[in-house]
Amino acid sequence: MDKRLIAILFCLMSCGLAAQEFEVRSFRLLQNDITAWVNPVKDLNDEACALIKVVGDADFAFSTPLGIVARRNEVGEIWLYVPNGTVKLTIKHPKWGVLRDYKFPSALESRLTYELVLVGPPLKEEESPYPKMRRRMARGVKNRPLSFDLAKMEEGKRRGTKPACFLLASWGVQEHENTGGLMAGIMKRHGVFVHGQTNFRSFATEGECDENGLWKEMDAVPYYKTGVDYSVWTLTLGAIHRVVGLWHVFEGIGYGERKVVWESLEGVRLRNADYSCKGWTAEVGCMVEVRRFAFSVGVTTIKGEYWLPSLGVGINF
């Protein structure tokens, strides 16, 4: 009976010694870190992995139900490449114990970078080899403790808490017109933008004609020159939203005009009413951030009759 009791007590002591003595300080997505995007590591299914940057002691070991694809010991941190969809992580340390099945707030996504901060047990304060001295007040002098007035330092603001601004130059490509423009905006998770485009041409007209060339004011069909002139401009205002990682979508409405001008042999300029359009304008597209650069692709329409695809490149700050 005594041997059994001793064995039970020994097991309880062993479990106590093996208890977890470290903790997970924080876990977050690094939205502006594109390490896993630029230099991806792929798993056995040829799918890009998610990257966990672990800040902690170099003796930590890790495992997941889906496995660890690669581990790299970098300066001050450990890089773990894990498969897409990983939700749990087991953390081990030779001195501080084991934390099994630490669950992430959501499944990890491929090509995204995360940060995991691990903190070990506090260091035990070593006893001083010298005996403590008993403080005595000097006669006639009042003993006052020293005091230090420390001014509280302001914490630096993270980039994610401040609004981000962007400015892009855009190019519209159509069969007869090439336009240029500027797109500017400000956002956090959501924001607003304004986008203007034009082909920098403008024409004054003296009347209108239809697609057959009939001059409506004269009820006649004059002879026309072979060249056709085009002028286009659009102005849209809308909203932009961060969808996932560095990808954004935007949509906007505004006003615009496309004018098609035919010129008669006598030099009279007529607006072709059937090929021209003027009125409300709508725009949709997407934008991606790569470091300090931003790239966009979108399409603009005037009343659903005229469509103008566009590309953009610029900076975010």
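The values are calculated or read from the model by the stated rules, or taken from the named source; none is laboratory data. Being a predicted model, the structure only gives us computed values, none of them experimental. Neighbour counts run over all protein chains shown; Cβ positions are idealised from the backbone, glycine included.
When the stretch 236-268 is filtered for residues that are assigned to a strand (DSSP E or B), touching a Phe, Trp or Tyr at 6+ places or on another chain (Cβ under 8 Å) and over 30 Å from residue 213 (Cα atoms), the ones remaining, listed by number, are 237, 238, 239, 240, 241, 250, 252, 253, 254. None of 204, 239 is surrounded by 13 or more Cβ atoms within 10 Å (Cβ to Cβ) and touching a residue at least 40 places away in the same chain (Cβ under 8 Å) except 239. When each of 283, 266 is tested for being touching a Pro at 6+ places or on another chain (Cβ under 8 Å) and farther than 15 Å from residue 187 by Cα, the lone residue that passes is 266. Applying the set (1) touching a residue at least 40 places away in the same chain (Cβ under 8 Å); (2) crowded, with 16+ Cβ neighbours inside 10 Å; (3) over 39 Å from the mean Cα position of the chain (by Cα) to residue 294 leaves exactly one unmet item: (3). Count of the stretch 275-298 residues, restricted to those that are more than 19 Å from residue 35 (Cα to Cα) and either of a type in the set (Gly, Ala, Ser) or touching a helix residue (DSSP H, G or I) at 6+ places or on another chain (Cβ under 6 Å) (or both), is 6.
Against the test of being among the charged types (D, E, K, R), out of contact with any helix residue (DSSP H, G or I) (no Cβ under 7 Å at 6 or more places or on another chain), under 19 Å from residue 308 (Cα atoms) and in the same structural domain as residue 302 (by TED's automatic domain parsing), the options 219, 210, 229 yield a single qualifying residue, 229.
Summed over the stretch 297-317, the residues that are loosely packed, with under 13 Cβ neighbours inside 10 Å and aromatic (Phe, Trp, Tyr) give a count of 2. Of the residues making up the stretch 171-225, those that are out of contact with any strand residue (DSSP E or B) (no Cβ under 8 Å at 6 or more places or on another chain) and either outside any strand (DSSP E or B) or at pLDDT 90 or above (or both) are 175, 212, 218, 219.
Name the single residue that is farthest from residue 227 (Cα to Cα) among those in the stretch 269-310 being assigned to a loop (DSSP other than H, G, I, E, B) and among the acidic types (Asp, Glu). Write out each step before concluding.
First pass over the stretch 269-310, keeping only residues assigned to a loop (DSSP other than H, G, I, E, B): 273-276, 291-292, 303-305.
Remaining after also requiring among the acidic types (Asp, Glu): 274, 305.
Working: 274: 17, 305: 22 Å.
Top of the filtered list is 305.
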